[in-house]
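Here it is, the structure, as structure tokens.
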Amino acid sequence: MCLSVFSYGQQTIYGSIMHDGLQRDYILYVPDIYSSETAVPLILNFHGYGSNATEQMLYGNFMPIADTAGFLVVHPMGTEDVLGTTHWNVGWGSSTVDDVGFTSALIDSLALDYNIDFDKVYSTGMSNGGFMSYTLACDLSSRIAAIASVTGSMTINQPSTCNCNHPMPIMEIHGTADATVPYDGYYLFEPIENVLNYWVNFNHCNTDPTVTEIPDTDPNDGCTAEHYLWPNGDNGVVVEHYKIIGGGHTWPGSDYDIGVTNQDMNASIEIWKFFSKYDINGLINTTFVEHLNGNEPEINIYPNPSPSYVFVDNDFENPINYQIISPLGQVIQTGLIKSHHYKIDISENTGDYCFLRMEGRVYRLMLVE
């Protein structure tokens, strides 16, 4: 059962499925650029305790990013606990609701109507939704490629029972002044340091992180941010942490301030940049993303990763246009491939990667210093 609301070509779909005898609701956002001809990523975006799907859709907003990057984002709705409060069953209450089973069923239900890339299903969420993402990493890892938690943690002792079955890219975004899910833990919640150490060890990442200060572009937001990176895990995965110094129980970059909210970064953008590097098998190097016609010319792109340029060896009969696209889907460079051995300068691009689009194909180019 679903109801669609159309706006400028996008679709915001209010739907529900039956699971375990319960009607489970969700809100799905489908960007205008979605095409059923191409399998696309799916982001699960879980709300916090006492919140709802609509609030999370607006507060932890991925919709403008989906409009250019082309993924689907679904906002599941939790059920009421014994106190009448919406929640996700992550093991720190008396709930018996099967939210893991519901999530798996929701993925399958959406896949009946949309071309979802099952290798690129990701989970994120706010607070209780962050806990839910860790729960999926432990209990539904065969369907989850990476997770990102904002102001969430793991339930106390959950690391000792976690049953993740593949290297799991992890991002945790958390304020040091979070009074709801304290950074240093609580009798129900693991300290953030413990959570990060667990996943660093599980993934066999470097144990000494690289620490970078995020530029304090908004000195009036009452907090600053540091980025911690533990690289070189199995299958190329990493653990990342944005430590919001003085930050509260909030979603960085949100337009809906409900406390000390960092505005030096946008959590939604950083989460998508993180997710888009990985599929269920780990780090994506050169990835065939889409193919829009039946002709398949021979193409070899190298070196990849590269610090400044790539060569495109090809058997094109005529010159063809190409585009370099940012991780957020913006065209940042165009040109014409004029020979069978053509060099493209990518030295002016920033970030860890970009995309090369040509002949109906999109390739990921990894950038290294």
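Just so you know, all these numbers are worked out from the coordinates, no wet-lab data involved. It should be emphasised that the depicted structure is a prediction, and the values quoted were computed from it without experimental measurement. Here the Cβ positions follow ideal geometry from the backbone for every residue, glycine too, while neighbour counts run over all protein chains shown.
Could you name the aspartates and glutamates in cross-link range of Lys277, using Cα to Cα under 18 Å and dropping any fewer than eight places away on the same chain?
Asp117, Asp119, Glu172, Asp234, Glu240, Glu290, Asp352, Glu369
Further question: Would you please name the trypsin sites (Lys or Arg not before Pro) within segment 303-365 that are DSSP coil residues with at most 14 other C-beta atoms within 10 Å of their C-beta? Intermediate results must be reported in sequence, preceding the final value.
Working: sites: Lys338, Lys343, Arg357, Arg361, Arg364; in loops: Lys338.
Taking segment 303-365 and a limit of 14 other Cβ atoms within 10 Å, the loop trypsin sites (Lys or Arg not before Pro) found are Lys338.
On a 0 to 90 degree scale, rounded to 10, what angle separates helix 99-113 from the longest Cα axis of the chain?
40 degrees
Just tell me which lysines come within less than 27 Å, Cα to Cα, of Lys273; anything on the same chain fewer than 8 places away is out.
The qualifying lysines are Lys120, Lys243, Lys343.
Per residue of the chain, what 222 nm ellipticity follows from adding -39500 (n - 2.57) for every DSSP H run with n ≥ 4, rounded to the nearest 500? Kindly include the intermediate steps, with their values, before the conclusion.
Working: 7 runs with 66 residues, N = 369.
The per-residue figure over the chain is -5000 deg cm²/dmol.
Taking the Cα-to-Cβ direction at Asp208 and at Asp234 and moving 7 Å from each Cα, how far apart do the two end points lie in nm?
About 2.5 nm, to one decimal.
Still on this structure, please answer the following. Reachable lysines from Lys338, Cα under 18 Å, same-chain residues fewer than 8 places away excluded?
In chain and number order, there are no partners.
Relative contact order of segment 299-366, please, whole-number percent, based on alpha carbon pairs below 8 angstrom and at least 6 residues apart. Write out the running numbers ahead of the final one.
Numbers: 126 pairs, mean separation 23.1, N = 68.
The value is 34 percent.
Given H placed 1.01 Å from N in the peptide plane, which residues other than close sequence neighbours of Asp216 have an amide H under 5 Å from its amide H?
Hits under the 5 Å cutoff: none.
May I ask you to derive the relative contact order of segment 58-145, considering only C-alpha pairs under 8 Å and at least 6 residues apart, and to give it as an integer percent? The partial results should precede the final answer.
Values: 63 pairs, mean separation 20.8, N = 88.
Result for segment 58-145 is 24 percent.
Among Gly21, Thr103, Thr155, whose Cα lies farthest out toward the positive end of the dipole of segment 2-283, if unit charges sit on the beta carbon of Lys, Arg (+1) and Asp, Glu (-1)?
Gly21
Please report the net charge: other residues with Cβ closer than 15 Å to the Cβ of Phe118, K and R +1, D and E -1. Let's see the in-between values first.
Numbers: positive: Lys120, Arg143; negative: Asp108, Asp113, Asp117, Asp119, Asp279.
It works out to a net charge of -3.
If you don't mind, there's one more thing I want to ask. May I ask you to order 69-82, 94-107 by the average number of other C-beta atoms within 10 Å around their residues, highest value first?
On the way: 69-82: 21.4, 94-107: 17.4.
In decreasing order of mean packing, 69-82, 94-107 become 69-82, 94-107.
Before anything else, pin down the relative contact order of the chain: Cα pairs under 8 Å, at least 6 apart, normalised by residue count, whole percent.
Values: 883 pairs, mean separation 43.3, N = 369.
Relative contact order here is 12 percent.
Nearest 10 degrees is fine. How inclined is helix 192-203 to the longest principal axis of the chain, computing both from alpha carbons?
With rounding to tens, the tilt is 50 degrees.
Then there is this: Would segment 299-366 count as rounded, prolate or oblate if I go by the C-alpha gyration tensor, calling it rounded below 1.5 in a/c and otherwise prolate when a/b exceeds b/c, oblate otherwise?
Numbers: a/c = 1.89, a/b = 1.43, b/c = 1.32.
Note, shape of segment 299-366 comes out prolate.
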